[in-house]
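*Asks:* Let me give you the structure first, and then I'll get to my questions.
The values are calculated or read from the model by the stated rules, or taken from the named source; none is laboratory data. Everything numeric in this text was worked out from a predicted model, so none of it was measured. Reconstructed Cβ throughout: ideal geometry from the backbone, glycine too, with neighbour counts over all protein chains shown. SASA here: full protein model, heavy atoms, side chains in, ligands and nucleic acids out. Shrake-Rupley method; radii C 1.70, N 1.55, O 1.52, S 1.80 Å.
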Amino acid sequence: MSDDILERYQQVSQAIRAAAEAAGRAADAVTLVAVSKTHDADTIRPVLEAGQRVFGENKVQEAKAKWPALREDFPDVELRLIGPLQSNKAGEAVALFDVIETVDREKIAREIGKEMAKQDRRPRLYVQVNTGEEPQKAGIAPGEAVAFVERCRSEHGLSIEGLMCIPPANENPGPHFALLEKLAKEAGLSHLSMGMSGDYEAAIGFGATSVRVGSAIFGARDYG
Ligand SMILES: *Cc1c(COP(=O)(O)O)cnc(C)c1O
């Protein structure tokens, strides 16, 4: 089990480097965010031992239960929140995560700003864009994204590092990656979090600076 995971981890790491080079970028230009949601500490530990340091989780409570103990052994871990954030969890998220990728509305921006001041902690921040304008999906509408990034700076004192998107499940993701890249350029941002297990190599071709890969490393998730 753990051998399979390590083998897939090496394959994904290699494919990321190859895709970056194929796109004319440095082999190490793209950060792998290993998405460990639903997997327990015993499953994650071998990947840490293999050298991976950047991990993504989509729930504050789950991350809080798993990561403080792992971090005692691996203090240089970078933990990223990639799931929707409720404003009443903003304090916990600011305390736990090094990067919050899902800033997507005024209220969250305000709460994160308040908590950063209160806790004197400054996680790096991404604005999530709902590139497919899907009603059930989190993220700011593409037409409002650039103004929202500007308001995060001017009204909430937040420095935004980049944009993040999750393209619609059954569409060619290419146009969504291209749209995110265009919006980031307009907003003056250089970091793009895009690409998952099924499309991370494509995303790298469109300029992804980080890819969020779960099942291609850890295998299928069991939500039972
Ligand atoms: C679960 C998740 C991923 C990883 O998905 P895989 O298809 O398993 O690689 C990436 N991004 C977000 C926001 C997720 O919730």
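*Asks:* With viscosity set to 1.567 mPa s at 4 °C, what whole-number translational diffusion coefficient in µm²/s follows for segment 1-59 from Stokes-Einstein and a Kirkwood radius over Cα pairs? Could the numbers behind the result be given before it?
*Replies:* Details: Rh = 12.3 Å.
It diffuses with D of about 105 µm²/s by this estimate.
*Asks:* Follow-up question, since we're still on this one. For a quick check: with amide H placed at 1.01 Å from N, whose amide H comes under 5 Å from Val54's, ignoring anything fewer than 5 positions away on the same chain?
*Replies:* Here the answer is Ala34, Glu78, since their amide H atoms fall under 5 Å of that of Val54.
*Asks:* Follow-up question, since we're still on this one. Tell me the volume per residue, in Å³, of the convex hull enclosing the alpha carbons of segment 49-149.
*Replies:* Taking only Cα atoms, segment 49-149 has a hull volume of 114 Å³ per residue.
*Asks:* Next question. So what are the ³J(HN,Hα) numbers for segment 117-129, from phi and the Karplus equation (6.51, -1.76, 1.60; θ = phi - 60°), rounded to whole Hz, Gly and Pro as x?
*Replies:* After applying 6.51 cos²θ - 1.76 cosθ + 1.60, I find 5, 5, 8, 6, 10, 10, x, 6, 10, 10, 9, 8, 10 Hz.
*Asks:* With n ≥ 4 as the cut-off for DSSP H runs, can you work out [θ] at 222 nm for the chain, using -39500 (n - 2.57) per run divided by the number of residues, rounded to the nearest 500? The partial results should precede the final answer.
*Replies:* On the way: 9 runs with 104 residues, N = 224.
Counting only the DSSP helices, I get -14500 deg cm²/dmol.
*Asks:* Tell me, how many Å apart are the Cα centres for segment 69-85 and for segment 1-22?
*Replies:* 21 Å
*Asks:* Can you pick out the pairs among Lys107/Lys185; Lys37/Lys107; Lys59/Lys107; Lys59/Lys114; Lys89/Lys118; Lys59/Lys137 whose Cα atoms lie more than 23 Å from each other?
*Replies:* Beyond 23 Å: Lys107/Lys185; Lys37/Lys107.
*Asks:* Can you give me the Kirkwood hydrodynamic radius for segment 112-172, using every pair of distinct Cα atoms, in Å to one decimal?
*Replies:* This gives a value of 12.7 Å.
*Asks:* When 1/r is averaged over all different Cα pairs and the result inverted, which Kirkwood radius in Å belongs to segment 1-218?
*Replies:* 17.5 Å
*Asks:* Please list the non-local residues whose amide H lies under 5 Å from the amide H of Gly195, H modeled 1.01 Å from N, same-chain partners needing a gap of 5 or more.
*Replies:* Amide H neighbours of Gly195: Arg212.
*Asks:* Could you give the size of the charge dipole of segment 1-218 about its Cα centre, using +1 on the Cβ of each K and R and -1 on the Cβ of each D and E, expressed in debye and rounded to the nearest 20? Numbers along the way, then the final one.
*Replies:* Working: 26 positive and 33 negative charges, 120 e Å.
Once rounded to the nearest 20, the dipole reads 580 debye.
*Asks:* What number in nm² do you get for segment 1-109 if you take the convex hull of its Cα atoms and divide its surface by four? Could the numbers behind the result be given before it?
*Replies:* Details: hull surface 30.9 nm².
For segment 1-109, the mean projected area of the Cα convex hull comes to 7.7 nm².
*Asks:* Kindly write out, for segment 73-80 in residue order, the coupling ³J(HN,Hα) from the Karplus curve 6.51 cos²θ - 1.76 cosθ + 1.60 (θ = phi - 60°), rounded to whole Hz, with x marking Gly and Pro.
*Replies:* Per residue, the Karplus-derived 3J(HN,Hα) values read 8, 10, x, 8, 5, 10, 10, 10 Hz.
*Asks:* Over the chain, with a Gaussian network built from C-alpha contacts below 10 Å, which listed residue (Leu192, Leu180, Leu85) shows the highest mean-square fluctuation?
*Replies:* Per the Cα network of the chain with a 10 Å cutoff, Leu85 tops the list.
*Asks:* How much of the accessible area of the chain, in percent, comes from carbon and sulfur atoms when a 1.4 Å probe is used?
*Replies:* 48 percent
*Asks:* Using the heavy atoms of the protein chains alone and a 1.4 angstrom probe, what is the accessible area of segment 1-218 per residue in square angstrom?
*Replies:* The answer is 44 Å² per residue.
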